[in-house]
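To keep things clear, I will list the structure first and then write my remarks on it.
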Amino acid sequence: MIRLVLRRVGLAIPILVGVSVIVFLLMTVVPGSPEAGLVPEDATPEERAAIRDSLGLDDPLPLRYLAWVGNALQGDLGYSEQRRREVADLLGQAWGNTFVLALVSAVFGIALGLLLGYLAGTRRGKAVDRLVSVLSLGGLSVPSFFLAIILLAVFAGGLQLLPSGGADFDDPLSAARSLVLPVLSGSLITMAITARVTRAGIVDVLGADFVETLRAKGLSELEVRRHVLRNAISPVLTTSGVQIGALLGGSVLVETIFRWPGMGLLLYNAISARDLVVVQGATLVIALTFVVVNLLVDLLQAAIDPRVRGTMS
Amino acid sequence: MSQATVPVLLPEAFGAGTTDADRQAAAKLREEWNAHDQSVRAQSFWKETGKRFLRNRTGVAAAGIVLLLALAATFAPLLTPYDPLLGQPLDRLQNIGAPGHPLGTDEQGRDMLARVLYGGRLSLVAGFVPTVAAALIGTVIGVTAAMLRGVVQTVLMRFMDVLYAFPAILLAIAVGAALGPGLTNTIIAVTIVYIPPIARVAEAATRRVVVQEFIEAATLSGASRFRIARTQVVPNVLNDIIVYASGLVGVAMIIAASLSFLGLGSPPPAPEWGYMLNSLRGTLSTTPLVTIIPGFFIFLTSVAFNLASDALREAMDSRL
Amino acid sequence: MTDTLPGPTPVDVPAPGTATLPKRPLMELLDVSKTFSVRNGGRRATLSAVDGVSLKIWPGRTLGIVGESGCGKSTLARLITGLHPATSGEMVFEDKQILANRRRPREVVEQMQMVFQDPSSALNPRATIGESIAFPLEVRRRPREEIRARVSQVISDVGLPASYARHYPHQLSGGQRQRVNIARALALQPRLVVLDEAVSALDKSIQAQVLNLLTDLQSEYGLTYVFISHDLNVVEYISDDVAVMHLGQVAERGPARRLYDQPLHPYTRLLLSSIPSLDPALSTRDQPLDRSNGEIPSPIDPPSGCRFRTRCPFAMDVCAERTPPPVLAEPDHVVACHLYTADENGVVPRGVTESVARRVAEGSEVDAAAVPEEPLPDPAP
């Protein structure tokens, strides 16, 4: 198991490097000059060159990348002139908020999806099955920002039940109430995909020979179901990494609409203001979080499912 | 009527036998079969897939909706007299069913029907073009990697892994943010997001195909690797790629709408559905039904694409 | 219209079994080996699939290659046809030399075709029968009219109605698909056809039909066959010469009749004794070789010396020490077994061969010291 962990971590490192290279390139090769916001309109070419030089903008790309990664590794992601804050500071605060939102959404979406998928898979062709398939089709097809707007209209606008946005973290109850709508709108797609995968897995396993064997051995239906669920859960775990990624990425939309002070909102504001240092930092941190989450999911799966352990080593 | 076609099993014993009499009898049998065989249909995979798809009522209905939306968007000028960009300030915030404005008007008095129809052009293009482009590029990458193996495979597929390590929407937003707003840039961004998963599907399918004996047979005939890829491999991985890619069109539309919602799509006042939804948020309390129209159309198109894709998958899922 | 088809004029070759062999083999393999590098439990290892095989393939005849699964038969087929490059060794096709790891001359490639084992994977499922057969001709840029004529010609030659050209593989039965595979191999009019387990996937009755077809085509087209199979009965039926393979090496080779009547190598004997018999009097159950260890050693780490020694009831010390050289035991009959190794010239006096063969056949334990009048060579230092 320790060898497996080391191996998976070893495989993740080149991915992490690749991710950082792409984030760096995206924000470096953008059209328009990066110093535009820093240089006065009426600057002479010499002044302009001096500023470019001080920022290292004329160095060859690999050198600039190394400098950037070196700083990033020490926790220095640059300084946002527009926000007048260290990017790392801005991200540090936002990361926790996004993480809470994504985690609650993932747990909620996956748990609900498992339940629905299990019900549909064990009652194939019945009304429940059809209802779940309609629900998951809807969940796959509705954009989270559209759902968010509808939820806002109903619960915050019409019924006045829940806050429309923002969050007061000093009051846990209020924070929890603020979490409800973002979680609902973000996790619907997670629920839909999980339900589909679970249902397919259950149907698959129920058709397997070993289930007949279990029944023949005289196990109670409840015990049989337990075995079935355990065997059907592996594909759910496989997709759950991607799901959390979708939630992290989707946070940009959900947080924007609900003014949830996480990385997504930060990224949205930075994009609107063309504050590239913050865009770069936020993109990097979200992507890195995703890589780490996937790594953890892989390891968790290996711990649970011996078949996966076999193929990975 | 909806029974699946059973492949016609053709008789086994043509040309069996060791004596001349046997052989002549067999030759006669072949002649007879030649005549009879004119009535046996050749069962091409694509034709059979098409037939099975057409038997699936949900799939046909979904494909019909997509077609209808596409036609309506294409012929928008014939369906509405209004200009989607020009508003009548006096007609602001008309509700659904208002005279002259069946879908109401937006906050600037622009006719919603016109905006939805014209906007359909942008949304459908943003759903289709990146998927098709990514399918082409991803297929080339995946097939090349799996056929050349070695360093080429490692470099290409590890690069795909890195791109795949980004959450899809985040990568699209990052590319969109780097390139700036605009429909072309949205298309480029979504294409880049879709290339890695399609390349993976193509690579996996190619690895399954290249170990089959007909590839060795083609190699023995002296065909170049490019020719084998083109004539033997691609036709056999295409169904996997089409099934997978067809499921991406709806999501592509949603991602494009998300980018435009965030202000990274076609610059205003272009009637892109995602942007319309965002700009109408303020009118939610006055004309809520009008506000959700663009969202409804995104939803409808996406559902139609997903249903059509499911039907396509079922139609292709045969032992052929 | 009758079945007599204007095929190519049969090449003038002596009928199988006649005494005068043509002077030169169509193809000759000299000490050909193939290793693959594989991952064995996460570690890199070398798999020796074919090891030092020397064979002669005579024109117009059928060379049968027989052995258990995993003995390297299929790899040998792919070495002969050039689908795999050999790791070492040399091949000669007519007068053209084929060096390991060197691109084959086009004239050689064109003369060889292969018929594959699995009728369902040997045909492109997205192409019609006609397209599959036409493909090699298109690669050669033959004129379209010629291709069309040739396709219906070979389809008829393998006993299928010409109208099958427009059908897809899944519409055909296994036996019909195998006929199509044969037709494709014939399209380019090759001299040598390698058949890799060509009838193994078929029902017995269909097997017989396809085998008859193959013999017919051989005389019609003047073909040379290399027929690879694990099925001893089928190999006996179709082959003029037979080579027995064990773990990548040729244990014994010779004319089919003689090899089946008087097997020399203990492994050949084991194989032949495992053919099921319906006659209880001939039951093979109590044959002494059945006592041998049935576990086939892994080609990743094959036993030293003779690769059969771990399963051989006659194993001697020398068997672990050195690889038995091929010995000419009878005219055209070569065996690689230390029971038959004799002097430095590699010739064993007739009497020895027969006495050992008899003992092997009778299953009596061969006492190494008691075997030959000639002393065994000293174990290598």
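Listed from fewest to most Cβ neighbours within 10 Å, the set A:Glu223, B:Glu107 follows the order A:Glu223, B:Glu107. Residues C:Ser219, C:Ser304 in ascending order of nearby Cβ atoms (within 10 Å, fewest first): C:Ser304, C:Ser219. Spacing of the modelled spin labels on A:Arg274 and B:Arg225, each 7 Å from Cα toward Cβ, amounts to 4.6 nm.
Computed over chain B, the range of Cα coordinates on each principal axis works out to 97, 52, 26 Å, biggest value leading.
In region A:92-272, the ratio of gyration radius to Kirkwood radius, Rg to Rh, stands at 1.08 when only Cα atoms are counted. Plainly put, the protein assembly as shown has a radius of gyration that is 1.07 times its Kirkwood radius, both from alpha-carbon atoms, as the Rg/Rh ratio. In this simple spin-label model, placing a label point 7 Å from the Cα along the Cα-to-Cβ direction at both C:Arg322 and A:Val154 gives a separation of 8.9 nm.
With each label modelled as a point 7 angstrom along the Cα→C-beta vector, the B:Asp22-B:Gln43 pair spans 3.0 nm. Net charge dipole, chain A: roughly 1880 debye, given to the nearest 20, about the Cα centre with Cβ charges of +1 for Lys and Arg and -1 for Asp and Glu. By the Kirkwood approach, averaging reciprocal distances over each pair of separate Cα atoms, chain A gets a hydrodynamic radius of 22.4 Å.
Near the amide H of B:Leu262, within less than 5 Å, lie no amide hydrogens of residues on another chain or at least 5 residues away, with H placed in the peptide plane. Positive contributions from Lys and Arg (+1) and negative ones from Asp and Glu (-1), summed over other residues with Cβ under 11 Å from the Cβ of C:Ala320, come out at +1.
The local environment of C:Glu107, defined by Cβ-Cβ distances under 15 Å, has a net charge of +4 under the rule Lys, Arg +1 and Asp, Glu -1.
Shape of region B:38-94 from its Cα gyration tensor (a ≥ b ≥ c, root eigenvalues): rounded if a/c is under 1.5, otherwise prolate when a/b > b/c, or oblate? Taking the square roots of the gyration eigenvalues as a ≥ b ≥ c, region B:38-94 is prolate. Residues whose amide H falls under 5 Å from that of C:Val327, counting only those 5 or more places apart or on a different chain, are C:Val335, C:Ala336, C:Cys337, with hydrogens built in the peptide plane. When each of B:Ile255, C:Ile57 is scored by the number of other beta-carbon atoms lying within 10 Å, the sequence from fewest to most is C:Ile57, B:Ile255. Can you give the angle from 0 to 90° between the axis of helix A:172-206 and the longest principal axis of chain A, with both taken from C-alpha atoms, to the nearest 10? Compared with the principal axis, the helix lies near 50 degrees.
Each Lys or Arg adds one and each Asp or Glu takes one away; over the other residues whose Cβ falls under 11 Å from the Cβ of A:Leu267, this sums to -2. For B:Leu289 and B:Ala61, the difference between the fully extended length at 0.36 nm per residue and the C-alpha to C-alpha distance is 79.5 nm. Cα centroid distance between region C:46-125 and region B:270-308, in Å? After rounding, the separation between the Cα centres reads 65 Å.
Treating each Cα of region A:212-313 as an identical point scatterer and summing with the Debye formula, the log10 of I(q)/I(0) at q = 0.11 Å⁻¹ comes to -0.53. Taking 60 Å as R0, compute the FRET efficiency from the Cβ-Cβ separation of A:Leu219 and B:Val140 and round it to 0.05. Rounded to the nearest 0.05, the efficiency is 0.70. Taking the centroid of alpha carbons for each part, region B:126-202 and region B:19-37 are 56 Å apart. With loop membership from DSSP and a limit of 16 other Cβ atoms within 10 Å, the longest segment of chain A without trypsin sites (Lys or Arg not before Pro) is A:127-216.
Since every read-out is calculated from the coordinates, none of them should be taken as a lab result. None of these values were measured; they are calculated from a predicted model. We place every Cβ from the backbone using ideal geometry, glycine too, and count neighbours over all the protein chains shown.
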